[in-house]
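Report on one structure; see the data block that follows.
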Amino acid sequence: MINGNFMITSASGDQLVIEKEDVSRLLYDISGNLSMQIQGFNVNSIYSFLKTLEGTKLKIKGLYQDRKDLSGYYTLNPLAVEGESDKRLKLNLQRNV
């Protein structure tokens, strides 16, 4: 899984730290695009922050998986939330070159 907490920064400078314990799945493809699932106590606050940033460019800093640095600039595709009591937030991030 991921090696530690990481930070998401919006174009306007707003920041959100995602704790590694909240990320239940992280996949990336050969182009560097990310698919991430977040669950736990922080889902609602993470969703509220990211919902206003759909379609915008974000900077992710400090994201490592298996010694691979996934930090960089991404465009946030529309969010999906699954589950009622045990909510899961799905993020799809397209890598910007």
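Where a number appears in this text, it was derived from the coordinates with a stated rule and is not lab data. Keep in mind that this is a model prediction, so the values were computed, not measured. Note that each Cβ is placed from the backbone with ideal geometry, even for glycine, and that neighbours are counted across all protein chains shown.
Just in the stretch 42-83: which trypsin sites (Lys or Arg not before Pro) are loop by DSSP and have at most 15 other Cβ atoms within 10 Å?
In loop regions of the stretch 42-83 (DSSP not H, G, I, E or B), the sparsely surrounded trypsin sites (Lys or Arg not before Pro) are 67.
Counting pairs of alpha carbon atoms under 8 Å apart in space and at least six apart in sequence, what relative contact order in percent does the stretch 29-87 give?
33
Provide the FRET efficiency to the nearest 0.05 for the residue 44-residue 21 pair, computing r from the beta carbons and using R0 = 22 Å.
Here the calculated transfer efficiency is 0.85.
Using r as the Cβ-Cβ distance of residue 3 and residue 85, and R0 as 30 Å, what FRET efficiency do you calculate, to the nearest 0.05?
Efficiency computed from Cβ-Cβ geometry: 0.50.
I want to make sure I understand the PRE zone here: with the label point 7 angstrom from the Cα of residue 11 toward its beta carbon, which residues in the stretch 54-93 have backbone N atoms less than 13 Å away?
Answer for the stretch 54-93: 54-59, 74-76.
So for the chain, what percent of the C-alpha to C-alpha distances run longer than 22 Å?
19
Could you pull out every one of the aspartates and glutamates with an alpha carbon less than 17 Å from that of residue 20, ignoring same-chain neighbours closer than 8 positions?
Result set, ordered by chain and number: 66, 69.
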